[in-house]
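> Structure provided below as structure tokens; questions to follow.
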């Protein structure tokens, strides 16, 4: 029997990024525990971490602020049928939160944020966006 499937959606997978290296460690460790992983990369950057056999990486690339991204993510999630969608950082969360609302059965959504220090202040606009998106999470 195969374990739960997690689709991680990220804007970047650069070799030198802390979030990216952490994602690799999480995927490697939890694959050993039976979880299955897929990664959706929302950029066309070439210098990215190679996940090898741990997780396939699929690119969904659109111009900035293109509403078709939500439709493409929805189609991917509907086809992939994950148990959990993991949106990593602000750049992925809004589109993923909206796209999963149209997926049946609806996967659980987890949002994690890397790179903000405790003392960093959020703008009012960002705070309101976080609160609104939390309703869809």
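Rule-based calculations on the coordinates, nothing more; no lab input. This is a predicted model, so every value here is computed, not measured. Ideal geometry is used to build each Cβ from the backbone, glycine not excepted, and the neighbour counts take in all protein chains shown.
> Simple spin-label model, 7 Å along Cα-to-Cβ: residue 22 to residue 130 in nm?
That separation, rounded to one decimal, is 1.4 nm.
> Checking the a/c ratio against 1.5 first, then a/b against b/c, what shape does the Cα gyration tensor give for the stretch 1-75?
Values: a/c = 2.62, a/b = 1.38, b/c = 1.89.
Since a/c reaches 1.5 but b/c is at least a/b, the shape of the stretch 1-75 is classed as oblate.
> I've got another one for you. Determine the percent antiparallel among the DSSP beta bridges restricted to the stretch 5-134, to the nearest 5.
Numbers: 1 of 19 bridges.
Among the beta bridges of the stretch 5-134, antiparallel pairing accounts for roughly 5 percent.
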